[in-house]
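Beneath this line is the structure, given in structure tokens, with notes to follow.
The values are calculated or read from the model by the stated rules, or taken from the named source; none is laboratory data. Not measured: the values here are computed from a predicted model. When we count neighbours, we look across all protein chains shown, and the Cβ atoms used for this are built from the backbone with ideal geometry, even at glycine. For the accessible areas, the whole protein counts, side chains as well, though only heavy atoms, and no ligand, DNA or RNA atoms are used. Shrake-Rupley method; radii C 1.70, N 1.55, O 1.52, S 1.80 Å.
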Amino acid sequence: MKNKIENAVENEVEKTRRKLMFAGAMAPVVMSMPGRVFAQAGGGYYKDKVIIINVAGGASGGHTRFARLLQPYLQKHSGAREVRIVNMPGGGGLKAANHIWRVKPGSPEIFFGNVSTLLLAPLAGSPGAQSLDPVKFNYLGRVTSEPRVLCVGGKSAIKTIQDVQKLKRPFVYPSQGTDEDFYTMAVLGDALGFKVKAVTGYEGNADTSLAVIKGDGDGHITGWSESLGPIRSGDKNPILMVTSQPSPDYPQIPIATNIVPAAKRATVQAMATILETHRSYIGPPNMDPQAIAAFRAVVTAALSDPELLAESKKNERLVSPMDGVTQQKRITELAKSSASLAPILVAAVKDIQ
Amino acid sequence: MKISRHAQENVASVLLLAFFAGVIVLCQDFGPRARMIPLPLAVFGIVLTLIQMAWHNFGSPEELQMDMISVQAPTIPAAETPAAPVKKPSRQGEAAAYGMIAVLLALTFAAGVMPAAFLFTAGYFMVTRYCSWRLSLVYAAVLTVSLYLLFVVALQMQPYHGLLAPLFQ
Amino acid sequence: MIEAILAGLTALLTPQALLFMLIGVVYGLVIGILPGLGGVVAMALLLPFTYGFETAATLALLLGAHIATIWGDSVTSILFSVPGSAKGLALCFDGYPMTKKGQAKRALAASATGALLGGIIGAIFLALCIPLIRPVILALGPSEYLMMALWGLTVIATFSEGSLMKGLTASVLGVLVAFIGMDVVTATPRFTFGSEFLMDGISFPVAMIGLFAVSEMMKLAIKGTPIVDRSLVKEESTVWQGVQDAFRHWWLVARSSLLGLWIGVLPGVGASVAGLAAYAQAVQTSKTPERFGKGAVEGVIAPDATMGANEGGGLMPTLAFGIPGGESMAILLVAFIGLGVVPGPDMLTKNLDLVFSMVWIIVIANIAVTVIGLGITPWLARLPSLQANLMVPIVLAVCFVGAYATRGHIEDVVVAAVFGIVGYLMDKYHYSRANFVIGMVLAVMIERNLHISLTLYGRDFLLERPIALAMLLFVLVTAALPFVRNWRRKRRQAAGAAAP
């Protein structure tokens, strides 16, 4: 086994060495004829241009990881001179969203972040989101969508979602603040008929995870990959998924839309669909139609590149693409159907004030 | 018009009182949890400033200089720092220092972060006659190129280009 | 266990791993010295270069860079009172006064040796404490973090130069400034005046650049003389003196290292709080607390030893639970995934050799940093004696670029300038700048953990959390200790005077 790993590592090092040598030898050639090495998607609209990707979040965040994974492939398929990643943390993604909302026409800037923030923050009346109209943004393609999962502590007396419904006290939910998971919990509580006591102020996912493992809180919602380690080790126990497809590895975990009363199904479905919009490229409202078409084509080409798919699998950063046109249509429909969420979200925010 | 140090201290205290009062007014718009700490703290700030003012104006100089360290331990041993001739900052000197910050800020907004670094350092060397104008330009250029290589090339910072940038495009 | 320790070391002794560590260390030193940029930036930028290399080499590069930023941060704090990032704050308190007294070499060497010893002691205790890590992480929570922050707050007394009232006022101001921005606990924007920029609050590194660096440069420009005027103050200290200092205060180093290790183990506390807590501990246990803030070498050694040990501790929640204890650890976690390493409880049992590889990286990287650091100290120590007319424009230009680079917001440059002027005025009227930043660092931690404790356990949360109660008593005792000691000393003196 060990030899196998060593061989694999050696092969990998050798490959990287070869890649580096090849890159070194080819650099002058490539630099002298930029964009001619690969057939470009989007009709060469971005050829020799600079594309700036404003990532909603810090250098260590999940969005940045995906943005950096995609960066070389976007460059390869667009023929751009440079694809530059700029971190724009703040306001849970609203800072970057507001920035892209206001960029001048013709700007090379694209937002990369969570679409659900753009949909949920205005619904909840968040300060900083009032001026945003999610329908007016140009959606350029989804990179990934991770199922969200409600986990309880491994040693908790709560073993199933039915146990939560039977609780004689509120379900204690540690949260860092009013993020999409906070809103999802509020919607679940409303749909499944249990009370939620949100404990806000935790430092981040690490902090809320520990609170759940320790038993300070009953449970919390995270992205599937973030909880996978503690689930495998038994520190956390998944009891509900907010998604439209069951997990292939854990088919026994119920899906929220299947267990809520019929009257509440539409609301939970709207929430699940919003969450599935997840990590995407988004263009400003005034983006040139040619640029929109070109970037959508580039994203689609990059996301079907076999090299990228292999790299994403190796690094456990799985992609689940959705093309920009479908996404735009989906979000226009969502904006209409999600109005029923507004009172629940507003009430949840009021509760913590 | 010369304002005495005593009066300056009082002006500082009044400004602080206004600041804390402003905080109290703004806190009225927050919910009970959001103001749970800032509101009492601002009140505490007002109390502290009033006591300070009272001591300053009516107390003895010893009380004014009451130092926590002197409460904690016996008198401080003679100053360890070699006695340097203490030069009181002149009003012109202070005005020049404020002006220096304002100029750098204005340059940054007008010309962008990197050109401002060049213009400011070169200008400073020339105005203070630290070196000849040629050397000033060389020093400033070396600094700016180093900053550019470190921050923009190595650390991938996207530089701010300044309000005047559109004129040169 | 011994097998794992040796296996961990052997994995590191490859040319690739050693070369990568050296690259990481040099790179980390440069990043650390630049204002506004800390270890997180260093690691994030290295991440794309790590794919496809040996596990040990990748970790050596990332951890080496991270470790080196600690001393890099300390250098500018000591020489110019410009903290490279929030971690370097505590080094300004005594490091800069030492430079002004002509003891820059001693301070830099004490700081590097302190960090080295802290790193090594931290690593040794980490190895010994592995079985205790999970229970401790599980036993402590928000109420205990609250007490730790309160302990950091007790340092305020030390810096209330001139007037206790002014010292306290400065901390209140700092706390209130920290509340600017979106309050995540209640989703309320506070003191933002509708500004989108202020929603994210005042960046702590930017505020420090203003309060310390910009204001010091203003003072220098007015004075027209260097930070250290060699015609008045000779550099009499030596590197060797600083090294000896760190060894002479071995008990302080040991205490500080243990403190740093455990603060590192607790996710959500942070290295800047660790530095302050170490400083508080050094002041409170000193027989001559009055020397602190005026250039006491212990005030340099303690925070550096704590931060050196902190890094090893920070690895633990990441390894034991797969939960990154901070931003830099989140980046390390990404590298783990890329390397096929699965963090979790198994790490501390089945993959112990990898854990020890990391412990060794911390030790070796610390040694490399110290060797390089001590080597360049004589040159670094000359910088404060450069003429004011050369120093002022260069430092100001670097600070403004650094302030902008922190978050890429041009408004941050305005913040640095405004805080520079505020810092100058505070210094002029003896409102302690140190107290201001201490208030600023600890405010949010205190507020958040108080809210969480109240919501989880109710008003009587201290009765529900006996460890927190014990910690509160400890805080009260250590805060009162200097007063009691002074009172007894005075009584003794009075008795002595009364005796014939």
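A few comments on the model shown:
- Taken over the stretch B:34-59, the criterion of being over 27 Å from the mean Cα position of the chain (by Cα), open to solvent by less than 40 Å² (accessible area, probe 1.4 Å) and either facing chain C (nearest Cβ under 9 Å) or within 16 Å of C:G439 (Cβ to Cβ) (or both) is satisfied by B:A34 alone.
- Scanning the stretch A:127-183 for residues that are of a type in the set (S, T, N, Q), within 11 Å of another protein chain (Cβ to nearest Cβ) and either within 18 Å of the chain's Cα centre (by Cα) or surrounded by 23 or more Cβ atoms within 10 Å (Cβ to Cβ) (or both) yields A:S175, A:Q176, A:T178.
- Hey, C:V184 more than 26 Å from the chain's Cα centre (by Cα), at pLDDT below 85 and within 7 Å of another protein chain (Cβ to nearest Cβ) or not: no
- Criterion (within 14 Å of chain B (Cβ to nearest Cβ), assigned to a helix (DSSP H, G or I) and free of Cβ contacts under 8 Å to residues at least 24 places away in the same chain) met by exactly one of A:K313, A:K336, A:K350, A:K329: A:K350
- With respect to being under 29 Å from A:R65 (Cα atoms) and touching an Asp or Glu at 6+ places or on another chain (Cβ under 8 Å), A:S175 fits the description.
- In the stretch A:224-244 there is at least one residue matching the filter, namely being within 29 Å of A:N138 (Cβ to Cβ) and either at pLDDT 85 or above or touching a Cys at 6+ places or on another chain (Cβ under 9 Å) (or both).
- Being of a type in the set (K, R), open to solvent by 10 Å² or more (accessible area, probe 1.4 Å) and away from every other protein chain (no Cβ under 11 Å) holds for only one residue in C:R433, C:R448, C:R407, and it is C:R433.
- Residues of the stretch C:195-253 that are free of Cβ contacts under 8 Å to residues at least 24 places away in the same chain, more than 24 Å from the chain's Cα centre (by Cα) and outside any helix (DSSP H, G or I): C:S195, C:S231, C:L232.
- Single condition B:V113 does not satisfy, out of (1) over 23 Å from the mean Cα position of the chain (by Cα); (2) surrounded by 14 or more Cβ atoms within 10 Å (Cβ to Cβ); (3) of a type outside the set (F, W, Y): (1)
- Test: residue in the stretch A:202-211 that is in contact (Cβ under 8 Å) with a residue 60 or more places away in the chain and open to solvent by 20 Å² or more (accessible area, probe 1.4 Å): no
- The set of residues in the stretch A:103-148 that are among the basic types (K, R) and either modelled with pLDDT under 85 or assigned to a loop (DSSP other than H, G, I, E, B) (or both) contains only A:K104.
- Selected residue (only one of C:A277, C:A296, C:A305, C:A282 is within 16 Å of the chain's Cα centre (by Cα), modelled with pLDDT of 85 or more and closer than 17 Å to C:I156 by Cα): C:A282
- Residue selected from the stretch A:60-77 under the condition within 15 Å of A:T300 (Cβ to Cβ) and of a type outside the set (S, T, Y), by the criterion farthest from the other protein chains (Cβ to nearest Cβ): A:H77
- Filtered by the rule that a residue be within 24 Å of A:I274 (Cα to Cα) and acidic (D, E), the stretch A:171-221 gives A:D179, A:E180, A:D181, A:D190.
- Residue tally, condition at pLDDT 85 or above and within 13 Å of another protein chain (Cβ to nearest Cβ), over the stretch C:469-500: 0
- Among the conditions (1) in a helix (DSSP H, G or I); (2) within 14 Å of chain A (Cβ to nearest Cβ); (3) among the hydroxyl-bearing types (S, T, Y), the only one that C:T154 does not satisfy is (2).
- Criterion (among the small types (G, A, S), crowded, with 19+ Cβ neighbours inside 10 Å, within 21 Å of C:R382 (Cβ to Cβ) and within 9 Å of another protein chain (Cβ to nearest Cβ)) met by exactly one of C:A221, C:A213: C:A221
- Filtered residue count, the stretch A:87-109, keeping only those that are buried (at least 24 other Cβ atoms within 10 Å of the Cβ) and touching a residue at least 12 places away in the same chain (Cβ under 8 Å): 8
- Pair list, Cβ under 9 Å, 6 or more apart: the stretch A:237-265 residue free of Cβ contacts under 8 Å to residues at least 60 places away in the same chain, other residue assigned to a loop (DSSP other than H, G, I, E, B) and aliphatic (A, V, I, L, M): A:P246/A:I253
- For the stretch C:355-377, filtering for residues that are open to solvent by less than 30 Å² (accessible area, probe 1.4 Å) and of a type outside the set (S, T, N, Q) leaves 11.
- Selection count where residues are part of a helix (DSSP H, G or I), without any contact (Cβ under 8 Å) to a residue 24 or more places away in the chain and open to solvent by less than 50 Å² (accessible area, probe 1.4 Å), scope the stretch B:147-164: 1
- Residues located in the stretch C:456-466, provided they are open to solvent by 30 Å² or more (accessible area, probe 1.4 Å) and assigned to a helix (DSSP H, G or I): C:L456, C:Y457, C:L462, C:L463, C:E464, C:P466
- At least 1 residues being in contact with a Gly (Cβ under 6 Å, 6 or more places away or on another chain) and open to solvent by less than 10 Å² (accessible area, probe 1.4 Å) is the threshold, and among the helices (runs of 4 or more DSSP H) wholly inside the stretch A:226-309 those reaching it are A:289-303.
- The set of residues from the stretch C:100-118 being at pLDDT 90 or above and within 14 Å of chain B (Cβ to nearest Cβ) comprises C:R106, C:A107.
- Within the stretch A:96-126, being away from chain C (no Cβ under 11 Å) and hydroxyl-bearing (S, T, Y) holds for A:S107, A:S116, A:T117.
- Across the stretch B:131-158, the number of residues qualifying as farther than 22 Å from C:G28 by Cα and either facing another protein chain (nearest Cβ under 8 Å) or not polar (S, T, N, Q) (or both) comes to 10.
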